[in-house]
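Participant: Dropping the structure in here first, questions after.
A short reminder: the numbers here are calculations on the coordinates, not readings from a lab. Note that this is a predicted model, so its numbers are computed, not measured. Reconstructed Cβ throughout: ideal geometry from the backbone, glycine too, with neighbour counts over all protein chains shown.
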């Protein structure tokens, strides 16, 4: 089994719901956005298009972050999920240099959301217990949710149902069908890391 | 995940509680996860039709409102005697006893003097307590002075037409079936708008199945980003485009739905040269021309064979024309060439849009849904603030609406739907129930639940102009549901010497200084009043104006038995009805108290409980045994329990809702696609506007009110330039605002997760200018610039060069630029657009009391 995600750029409206769904699920600190969105313009007025591009860890089949990790903290499960064992991470950040998709975030200091000098809120006290300082963090396809038979938070919440999660190895799965029938593509496939996240074109 | 509230396990508090969001006016269903007394996560509630388990960024981020360290936690009293924008109020913490004594004393004094000297305003984000207080406390107190600061927010003209054409308050397109959706300055399910979270799912499905989306907007908005075609337009000219499209459909392409117009609109009603319907002398009912008998008959005459909708007919030497003929003639001057000059849209594009829309409507086609054969008109328009936020709001909105009416794409599958104007009620109780009927003139009369539904459609249409003694002008122009006219009239004592002035302003969390227009106008209007501010923040309005601040609960700390508006929070189309509960996830922290409970206590101490209970019965349609007794005090829980039991039976009381969160049942085809089964006709020709306009003119002349101009009271579509439209020497651009899907007005700028989005996104905290325009002006990306408004104030901000904006336009997102001491996180983020807008009747459409929400401006560089 190889778990993967399809993001339909036609359905996506660039609302940033995924970014916040991820924050709400994972309780990450300021500046850490396992899920994020880029916006870019193409063309010249009035023939111009704007495109939103949701990003997350690509859970590469050939993951350079794992190769460079000196401690073995960055690992891959048998179902293809790339994750970091925080207890093994020494915060050397080699993986951040290696990752071409900028999907990793170093937890350099214990920052809180309401700013310098502000105590953490009760929410932050509760949620930041799950996060260590001095380590690198990233999307793990919400492993803890998968264990409870739930989809990753960004998939479950997407208002436009632009994200589909499933088994890339199963030709009958929805993700496999969409990739095949709707011209699914990997982002910068030429980088050769074989991402498990596929995109469907915005125009089709 | 459980969809119902679950019990704490063993010794650990770990529950999911169903409740309702409060981060925008849509109030979607949520599940809140509480662990050991702390709210740790908010998700959408899959059992709720308000979102179906999916939330927007704002809804997910609500935790940061609950735990915001900058909230107001205790009653505060102003100790700085000087009020003013930027003044430090020098808040002094006081106890609730002292605060209540002050509030009750002030209210009792004003009630003894003149109850109308109490003004109330509030924020629609805290919708349920606002609605409850507007509908119960204000009538019980005896004041009708309500202002909802609708500058940028509310529908105004759209609400009026939703009433006359759709028997509702708002509209949404039936994207379950629409094949062609034409949006004018709005973003349903694509950025903002009613039922956003559910509409987003529906529109994504529609686009995936091939619905064509065309977005007319000066700015490449979130909606335009997803459009198959973005049509940039000069702000304020949408009406010219719609008039030209009507002209093409009716006079060149010959595309219209004769059957719909004959039976479901006033198209056949004969109109005289005086502008009024030709009426039967005995019954007073409108007449039509019977083509078979070649004579005039009453519109509902049983012998009528076929009414004429085109032509011209002579009766006793006078000429009468059917309303539809009047429309055809009215739009003839709107050639595509003329509209192109005004809108800057190419002629060929205008022609193509009209043809595409007309052909997509498939006039004559039918569809079977759930065994019922219905007209099928899969083309719809929708418009909102971008199109109607101008002082030509009325004729513009009418033109856009009539595109759907003429092709019959109104309240049938695929067309534009009124938001739930027909409700048969819960299967067991047949409640809550409302249904439109026909007026004596045969026109649509909206149905209502209770006799006093705040911000619901008026069932007595139109309210008669009787005077000009209210600051909001509701005695003169009583049909707009919301209005922020008060600052304009209060600041103009020369023209309005006799209006009742505010002695006390009860402000339920509205940041009036930022949401109406220039803050100076709202400040000036209320600076002499005693201002009671009930709020979660010490915001700009509180700091400038408030004498006392009462700490409110946020939506996660309180009970609201009817959290949703009955009609337009429900998504349109088939699916489920859903009635929800908002309940506390955590008990109110510090000394925060629920506004609705505070007002119950205030009412008791004022001795108005009897009228309050009566008003509550009327508002919620409570009948025995659940109606409130006149002489008893009730808690909010008891009132909520009675509402639920009254509507849904004894088994569905407050406890049931606390446990289950939402009660749903399927909508019926005849509720959703009600038009074929209805007797009330939509108004193409707005005789009521002619009649009201003449009456208003008469009152204005009698009272010497030169500021009340009635030129805009036209019965048919038209277009004229809004005040910001034409260049004035030195002022060569128009400034507009737009909305992003992750902020609500100015109220979410304190929420760090949402700020993090704007910080990472390159437009929303900047002033957007077209790249080529910037080049001609020698301006560069990230320049610090000042925008100087010809009629309003100035704002500064950083420039963002983009290809995605009309060359004559500066675009600003929402309303940022907070300056309150009490909002340190939000302070200075984004740009405060409303500073550019003047607040006066000159910049308003008086038919709908809509402000001109764009500004004629120039731009100057301040720094690199």
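Participant: What per residue convex hull volume, in Å³, comes out for the protein assembly as shown when only alpha-carbon positions are used?
Facilitator: 178
Participant: Write down the percent of antiparallel bridges among all DSSP beta bridges whose residues are both part of the protein assembly as shown, to the nearest 5.
Facilitator: Of those bridges, close to 65 percent are antiparallel.
Participant: Okay, helix-only estimate at 222 nm for chain B: each DSSP H run of n ≥ 4 adds -39500 (n - 2.57), divide by all residues, round to 500 deg cm²/dmol; what do you get?
Facilitator: -7500 deg cm²/dmol
Participant: If you take the square roots of the eigenvalues of the alpha-carbon gyration tensor of segment B:733-863 and sort them as a ≥ b ≥ c, do you get rounded (a/c under 1.5), prolate (a/b over b/c) or oblate?
Facilitator: It comes out oblate by the Cα gyration axes.
Participant: Using the Kirkwood formula on the Cα atoms of chain A, what hydrodynamic radius do you get, in angstrom to one decimal?
Facilitator: 17.9
Participant: At a threshold of 8 angstrom on Cα-Cα distance, excluding pairs fewer than six apart, so keeping six or more, what relative contact order does segment B:733-863 reach in percent?
Facilitator: 35
Participant: Estimate the FRET efficiency between residue A:172 and residue B:292 by the formula 1/(1 + (r/R0)^6), using the beta-carbon distance for r and 60 Å for R0, to the nearest 0.05.
Facilitator: Rounded to the nearest 0.05, the efficiency is 0.40.
Participant: Could you grab the relative contact order for chain B? Cα pairs under 8 Å, six or more apart, rounded to a whole percent.
Facilitator: 19
Participant: If the chain between residue B:332 and residue B:701 were fully stretched, how many nm would it gain, using 0.36 nm times the residue separation less the Cα-Cα distance?
Facilitator: That pair, residue B:332 and residue B:701, stretches by 129.5 nm at full extension.
Participant: I'm a student and want to see the number: the projected area of the Cα convex hull of chain B, averaged over all directions, in nm².
Facilitator: Across all orientations, chain B yields a mean hull projection of 35.7 nm².
Participant: Please report the antiparallel percentage of the DSSP beta bridges confined to chain B, to the nearest 5.
Facilitator: If we restrict to bridges inside chain B, about 60 percent are antiparallel.
Participant: With everything on Cα atoms, drop me the angle between helix A:17-26 and the longest principal axis of chain A, reported from 0 to 90° to the nearest 10.
Facilitator: 30
Participant: Shifting gears a bit: Would you order A:96, A:159 from fewest to most other beta-carbon atoms within 10 Å of each residue's own beta-carbon?
Facilitator: The fewest-first ordering by Cβ neighbours comes to A:96, A:159.
Participant: Related question: Only Cα pairs under 8 Å and at least 6 apart count here; give the relative contact order of segment A:3-200 as a rounded whole percent.
Facilitator: Relative contact order comes out at 32 percent.
Participant: Under a crude label model (7 Å from the Cα following the beta-carbon direction), how far is residue B:229 from residue B:301 in nanometres?
Facilitator: Between residue B:229 and residue B:301, the label points sit 4.5 nm apart.
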